Amino acid sequence: MANAALVIDNQADGATVGASSQVLVMPASNLLTPHPSERWRSLNSAAYFVLDKGAVISADTVGVFGLTCGTNATIRLRLNSIDVTGAAGDILDTGTLSSGDPSFDVEYGSLVHRPPAPDAWRYCRVDIDDPDADFVEAGCIVDGLSESFAYNFAPGSSVQHIDRSRVAPTSSGMTLIWDDNYFRRVDLNFQWVNEAQRYGLVERMDRVCGRRRNVLLMTDTESTNLPRASIYGLVTDITPVTFGAIFDLFGKQLRIDERI
C-alpha cells in the first residue's frame, strides 16, 4: 500500500473546455464547476471533451467525476502538449479502458488516472462511449500535481458511507423511507507530518482551500481500484496542527466529505 496523496491545486480552474456535442442546458462548461452532479451531457452515446489549460503545465493526476456510465461503457484518456484536438496523445494515451481497470469504475462514477511519472501537458482529452445509453455524462475534471505524505495515516483512521435518506417509524410499527443520495466521508489521522509538509502541503491546504475549495484525496496511489480509493470533496473541519513529541514532527487530522 502506497502513502496517501493530495491534489489541492486543480489546473482545470481557469481552463477552458469544449466537447464534441452538448445539450443546451448541460453544456461542457459544467465540467469546470465544483459539483460532480452538475454534469455535461452529450447528444449521443459516444462523445469526447477536451480541456485546455492554456499552457504546458506539469501534472501527474487526472480525475473525471460524476460519470453516469453503464457497465459496458468504455473511456479513453489522452494527454497532449500541442494538439488542440487532443487526438495525438503525444504525452499519454491510455487506450480504451473498461470498468474494472484500475483507473475506471462505473460503480464509483469516476476515472482517476496517474501517468507512470509526472509530465507536462496542455490538452487533456477524454472519450466516453456508452453503447447502452442515448448520451454520456460527466460532472467535473481534476488535472493537477499530487503530493504524497511522507508518513502514512495511522491505524484507526476511517472511511464510511453517509446515507442522506430519511427514515421514520410510524405508530403502527411501519418504517417510512424517503430515498436520498449518499456520499463517502473519510477521517484520517496523520500522527507524523514532517516540517516541510507541515509548512507546505498542510499549511497550503488549510489556508488556500479551507472548507470552501475541493481537494482530491487518494488514500492509496497504487490501489488496484483508484476511483474507490479516491475522494473528491471538501475538508469539513480545519483541524489544528499538533506538535509531536519528536522534534520537527507534527500531527494532523484530515476530514473530507465527498462532493456530490
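The values are calculated or read from the model by the stated rules, or taken from the named source; none is laboratory data. Please read all numbers here as calculations on a predicted model, not as lab measurements. All Cβ positions, glycine included, derive from the backbone under ideal geometry; neighbour counts span all protein chains shown.
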Q) Residues ALA168, ALA117: which one is loosely packed, with under 12 Cβ neighbours inside 10 Å and under 17 Å from LEU226 (Cα atoms)? A) ALA117
Q.
For segment 163-196: of the residues being of a type in the set (A, V, I, L, M, F, W, C) and touching a Phe, Trp or Tyr at 6+ places or on another chain (Cβ under 9 Å), which is nearest to VAL235 (Cα to Cα)?
A. LEU188
(Q) Given the criterion of a type in the set (S, T, N, Q) and either crowded, with 17+ Cβ neighbours inside 10 Å or at positive phi (or both), identify the matching residue among ASN44, ASN30. (A) ASN30
Q) free of Cβ contacts under 8 Å to residues at least 24 places away in the same chain, in the same structural domain as ASP101 (by TED's automatic domain parsing), under 25 Å from PRO116 (Cα atoms) and surrounded by fewer than 21 Cβ atoms within 10 Å (Cβ to Cβ): does that describe ASP60? A) no
(Q) surrounded by fewer than 20 Cβ atoms within 10 Å (Cβ to Cβ) and more than 18 Å from ILE128 (Cβ to Cβ): is that true of GLY14 in this structure? (A) yes
Q.
Looking only at segment 90-112, how many residues end up being part of a strand (DSSP E or B) and crowded, with 20+ Cβ neighbours inside 10 Å?
A. 5
(Q) Name the single residue that is farthest from SER21 (Cα to Cα) among those in segment 134-156 being of a type outside the set (S, T, N, Q) and part of a strand (DSSP E or B). (A) GLU147
Q: Quick one: which strands (runs of 3 or more DSSP E) lie wholly within segment 189-260 and hold at least 2 residues that are more than 15 Å from GLY63 (Cα to Cα) and in contact (Cβ under 8 Å) with a residue 24 or more places away in the chain?
A: 230-235, 249-258
Q) Taking segment 18-57 on its own, how many of its residues are part of a strand (DSSP E or B) and in contact with an Asp or Glu (Cβ under 7 Å, 6 or more places away or on another chain)? A) 6
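I need the full set of residues from segment 63-89 which are closer than 14 Å to ARG125 by Cβ, assigned to a loop (DSSP other than H, G, I, E, B) and either in contact (Cβ under 8 Å) with a residue 24 or more places away in the chain or within 16 Å of the chain's Cα centre (by Cα) (or both), in order please. It would help to see each step written out before you state the result.
Here is the first cut: in segment 63-89, the residues closer than 14 Å to ARG125 by Cβ are 64, 75-89.
Restricting the remaining residues to those that are assigned to a loop (DSSP other than H, G, I, E, B) gives 81-89.
Answer for segment 63-89, where residues must be closer than 14 Å to ARG125 by Cβ, assigned to a loop (DSSP other than H, G, I, E, B) and either in contact (Cβ under 8 Å) with a residue 24 or more places away in the chain or within 16 Å of the chain's Cα centre (by Cα) (or both): SER81, ILE82, ASP83, VAL84, THR85, GLY86, ALA87, GLY89.
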